[in-house]
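Encoded as structure tokens, the structure appears first; notes follow it.
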Amino acid sequence: MSPYSGSMYHGSPLLLPVLGPLTVNRVKGLPAHLFCSLIFVIVDFVTAMLIRATGQKLMSTYHRSLQLLNLSCVQETAGHTHVGDLASLIFLWNPFTIITCAGSSTSPIDNLMIVLSIYGACSGLSSLASFGWVVSTHLSLYPAILVIPVILLLGYGPDAPPSKLFFLKKSNESGGSCPKDKTCSEQKSKEESHIRNFCWRPVLFFILWSLIWSSYILFLSFISLKEFGGLSEMVKKTHGFILNVEDLSPNIGVFWYFFAEVFEFFRSFFLIVFHINILFMLVPLVIRLRHRPCFLAFVYIAIMSMLKSYPSVGDSALYLGLLGLFANELAEMRFSFFLLCGYVGISLLSPVMHNLWIWRGTGNANFYFATGIAYASLQTVLIVECVSTILKHDRMLRNKLTT
Amino acid sequence: MVRPWILLLLLLLAISPPSHSSTVHNNNWAVLVCTSRFWFNYRHMANTLSLYRTVKRLGIPDERIILMLADDMACNARNSYPAQVFNNENHMLNLYGDNVEVDYRGYEVTVENFLRVLTGRHETAVPRSKRLLSDEGSHILVYMTGHGGDEFLKFQDNEELQSHDLADAVKQMKEKHRFKELLIMVDTCQAATLFSQLQSPGVLAIGSSKKGENSYSHHLDSDIGVSVVDRFTYYTLAFFEKLNMYSNASLSSLFNSYDSHLLMSTASYREDLYRRPLSEVPVTNFFGSVMKTFHTDFAYTGFSMEPEAHISLVSETDSRRTLGSENAQTEAANHNAKDNCPFHAWLKVLEDKLDNENAEKLVLYGLGSMVLLLAISTLLSV
């Protein structure tokens, strides 16, 4: 039977032969889905290890760039934490992650692929990065936007202060040089000041590997679905479902409430508006944050988790874990306590409102959607504060450099 | 000139063997009719409600029960137990409980409505809950109780249903393929005369008394003041209270359980029109709703045969087989269009080679080799 008959399943056809047998096999005396749950635990653990490795890469790049700028004093004054350990611990101990894993949702696999692509890009492993990107796009559509930070990571390398600072440092040092030998001294100083150039080689490999992996995945999907309508059926039921928002059951996002009351005539217009809501933020963020592609990836993931058509707490678990990777830069974030309380409050109130509405019948949709809106505003505040704190950090580095 | 051909055709039709019923039994319906009103006919409503409860307990849902009652007992001014209907003086069972769905109530219980329900010829405004939406795979139980006589049944004190009306309705039902098998159970005086005119195959009928005999009530409830149940229905219920949904007691055991001394009448049944031996038919075929399920992987093609049976198709089912053949035609057309392109031809070859299980195995191997390729490429580029 086609996996898409009946509107229960809208995921990738490749997950079914992997996870299906695991839910069926019983070990004597233990619950039937033990193997399946074990898989998700392992997946979460691997994700945490990858986050730790990414954190270590970020930290080493950060140290190096600060040393090049002769700003190592910054490291010593601020309380310097090991971001890799911190981020992986935040990810593993986040109640959202634990709930997602215990609920046997397939979000841990999505998260693993996204983190895999970020780790591969940070380490310069094009095939790993492209594999993670292709598979995460295949599983849910939205990680496609991560192609921008991944390419920037492969081209420039992990996060560093803005290149303007390197120029400033060079100009400070060579303040007294004679203007005649400008050309050769410029070249020499360019090499000395280690200004990052965009190297195209890893990016080309990335594109090549993406083509290989995507054709492989499409071929496998085609084989598994050849009797049930082929690839067009798969695209219609998976990506088409995400884009068309056909199922309006309540979730923690903002789509369902609106699309329950929109008129048919305007439905496609508003679908476009809601999806462009994500897309129009991409370009300005790239322009402003292109020197910090890992942080850019974090912001993209946060925006995606907030504005996707069917969000879940598993997506939030991912970006909250990645938040820990930038603990040093975000040390002066405002409203952190407010956000923490907000998250705790929302995670407590939202199931209560859902219960009141659906099971007891004493509330209505507005109760539940109010928590949804509050959640979206919390996430907005979080994203805006993170971005502004990073920019403040860069400004602080620049001030330190010029004084 | 034409007449000899017509005669020949009629002769052929007459001598042709009756077509095998090549349909599968896949649903059960119940039409429960109480044809009396007024307080002193309490027992008829109690009969019908008891059977309603039994039939629901054994699995037939409300959507497939048509309940016709005058429904003036439970809230009658004379009822000292308001909103409660009992069928026994020990008052242990309230038949008018939480979820009794009466489809035709009060003055809607007429001969015309009963015949319309059976034949399915309603006006367009009649809602679905009042229609007998059976098909050629249905087993229908028709239970009628009230006051009757020689070849008639009295409906609500002002009209009567005659035995040939009933036989006509059943014949129409058979022509329109509205049942696979029909069980008519009648609890009135001289009940067996009511189904004396039946001729349609696949019909089984049982009545509480023969011609010339009365059917008696079982006992009087001194608290309520009237008789609360009839003997035939009382002993029928006694038989069914021992059963649950999964019992396979047969119809012959039900029919043999009636003792003419206890009933004070002779329960007679008519099985000449019914083809199967009664000892092989479980009572849940009519009174309950347990069915065999076949799991198939292909699309549902309507009233097709059981997969294991190899009965040759008769022409009446050919019209339903066209669905399958249309699919085959469109598939053939698609294949012809695709063969031109070599890529599609190669894909078709691949498709033909792989069947379902191979495809799954191939997908698993593909995923495994993908992971392997990933690991190798990562190690190489490090």
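The values are calculated or read from the model by the stated rules, or taken from the named source; none is laboratory data. From a predicted model like this one, the values you see are computed outputs, not experimental measurements. Glycine also receives a Cβ, built like all others from the backbone with ideal geometry; neighbour counts cover every protein chain displayed.
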Across (1) within 29 Å of B:PHE38 (Cα to Cα); (2) in contact with a Leu (Cβ under 8 Å, 6 or more places away or on another chain); (3) not aliphatic (A, V, I, L, M), B:HIS139 clears everything bar (1)
Screening B:GLU89, B:GLU112 for residues that are surrounded by fewer than 19 Cβ atoms within 10 Å (Cβ to Cβ), modelled with pLDDT of 90 or more, under 23 Å from B:ASP187 (Cβ atoms) and out of contact with any Lys or Arg (no Cβ under 6 Å at 6 or more places or on another chain) leaves only B:GLU112
Tell me which of these B:LEU220 doesn't satisfy, since it passes every other one: (1) more than 22 Å from B:PHE255 (Cα to Cα); (2) surrounded by 22 or more Cβ atoms within 10 Å (Cβ to Cβ); (3) in contact with a strand residue (DSSP E or B) (Cβ under 6 Å, 6 or more places away or on another chain).
-> (2)
Please indicate, with yes or no, whether at least one residue in the stretch A:294-301 is touching a Pro at 6+ places or on another chain (Cβ under 6 Å) and among the aliphatic types (A, V, I, L, M).
-> yes
Single residue of the stretch A:357-403 satisfying the filter (more than 29 Å from the chain's Cα centre (by Cα) and among the small types (Gly, Ala, Ser)) that is surrounded by the fewest Cβ atoms within 10 Å (Cβ to Cβ) | A:GLY361
So which pairs qualify, if the first residue must be in the stretch A:321-340 and more than 23 Å from A:THR100 (Cβ to Cβ) and touching a residue at least 60 places away in the same chain (Cβ under 8 Å), the second must be part of a helix (DSSP H, G or I) and basic (Lys, Arg), the Cβ gap must be under 9 Å, and the two must be at least 6 apart or on different chains?
-> A:GLU332/A:LYS392
Just checking, which of A:LEU231, A:LEU271, A:LEU243, A:LEU285 is over 23 Å from the mean Cα position of the chain (by Cα) and assigned to a helix (DSSP H, G or I)?
-> A:LEU231
Count, please, the residues in the stretch A:3-37 that happen to be modelled with pLDDT under 80, assigned to a loop (DSSP other than H, G, I, E, B) and in contact with a helix residue (DSSP H, G or I) (Cβ under 9 Å, 6 or more places away or on another chain).
-> 7
List the number of the failed condition for A:SER107; all other conditions in (1) without any contact (Cβ under 8 Å) to a residue 12 or more places away in the chain; (2) more than 14 Å from every other protein chain (Cβ to nearest Cβ); (3) surrounded by 23 or more Cβ atoms within 10 Å (Cβ to Cβ) hold.
-> (1)
Scan of the stretch A:114-135 for residues that are surrounded by fewer than 24 Cβ atoms within 10 Å (Cβ to Cβ) and either more than 14 Å from chain B (Cβ to nearest Cβ) or under 21 Å from A:VAL313 (Cα atoms) (or both), ordered by number | A:LEU116
Scan of the stretch A:218-232 for residues that are among the polar types (S, T, N, Q) and under 14 Å from B:LEU364 (Cβ atoms), ordered by number | A:SER221, A:SER224
Do we have any residue at all in the stretch B:120-133 that's part of a loop (DSSP other than H, G, I, E, B), farther than 14 Å from B:ASP71 by Cβ and in contact with a Phe, Trp or Tyr (Cβ under 7 Å, 6 or more places away or on another chain)?
-> yes
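Output yes when any residue across the stretch A:103-113 is assigned to a helix (DSSP H, G or I) and closer than 29 Å to A:ASN399 by Cα, and no when none is.
Taking the stretch A:103-113 first, the residues assigned to a helix (DSSP H, G or I) are A:107-113.
Retained after the next criterion (residues that are closer than 29 Å to A:ASN399 by Cα): none.
No, the stretch A:103-113 contains no residue that is assigned to a helix (DSSP H, G or I) and closer than 29 Å to A:ASN399 by Cα.
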The listed residue being away from every other protein chain (no Cβ under 14 Å), surrounded by fewer than 16 Cβ atoms within 10 Å (Cβ to Cβ) and of a type in the set (A, V, I, L, M), out of A:ILE287, A:ILE242, A:ILE252 | A:ILE287
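Can we say B:ARG121 is within 20 Å of B:LEU51 (Cα to Cα) and of a type in the set (D, E, K, R)?
Values: within 20 Å of B:LEU51 (Cα to Cα): no; of a type in the set (D, E, K, R): yes.
When the stated conditions are applied, B:ARG121 does not pass them.
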Hey, can you tell me all the residues within the stretch A:1-49 that are within 12 Å of another protein chain (Cβ to nearest Cβ), of a type outside the set (Ser, Thr, Tyr), closer than 28 Å to A:PHE298 by Cβ and buried (at least 19 other Cβ atoms within 10 Å of the Cβ)?
-> A:LEU14
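Could you tell me which residue of the stretch B:41-85 is surrounded by the most Cβ atoms within 10 Å (Cβ to Cβ), considering only residues that are in a helix (DSSP H, G or I) and among the polar types (S, T, N, Q)? I'd like the intermediate steps shown before the answer.
Applying the first criterion (in a helix (DSSP H, G or I)) to the stretch B:41-85 yields B:41-57, B:62-64.
With the extra rule that they be among the polar types (S, T, N, Q), the set shrinks to B:41, B:47-48, B:50, B:54.
Values: B:ASN41: 23, B:ASN47: 31, B:THR48: 29, B:SER50: 26, B:THR54: 20.
The qualifying residue surrounded by the most Cβ atoms within 10 Å (Cβ to Cβ) is B:ASN47.
Condition test on A:SER88, is it within 14 Å of chain B (Cβ to nearest Cβ), in contact (Cβ under 8 Å) with a residue 40 or more places away in the chain and more than 28 Å from A:GLY20 (Cβ to Cβ)?
On the way: within 14 Å of chain B (Cβ to nearest Cβ): no; in contact (Cβ under 8 Å) with a residue 40 or more places away in the chain: yes; more than 28 Å from A:GLY20 (Cβ to Cβ): yes.
No: the conditions fail for A:SER88.
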Output for Cβ contacts, cut-off 9 Å, separation at least six or different chains, first residue among the polar types (S, T, N, Q) in the stretch B:89-104, second assigned to a loop (DSSP other than H, G, I, E, B) and surrounded by fewer than 12 Cβ atoms within 10 Å (Cβ to Cβ), reads B:ASN94/B:ALA83
Could you check how many residues of the stretch A:290-304 are surrounded by fewer than 23 Cβ atoms within 10 Å (Cβ to Cβ) and more than 18 Å from A:LEU382 (Cβ to Cβ)?
-> 2
So B:SER319 fits all but one of (1) part of a helix (DSSP H, G or I); (2) loosely packed, with under 10 Cβ neighbours inside 10 Å; (3) at pLDDT 70 or above; what number is the exception?
-> (3)
Of all residues in the stretch A:257-268, which are part of a helix (DSSP H, G or I) and either in contact (Cβ under 8 Å) with a residue 24 or more places away in the chain or surrounded by fewer than 17 Cβ atoms within 10 Å (Cβ to Cβ) (or both)?
-> A:TYR257, A:PHE258, A:GLU264, A:PHE265, A:PHE266, A:ARG267, A:SER268
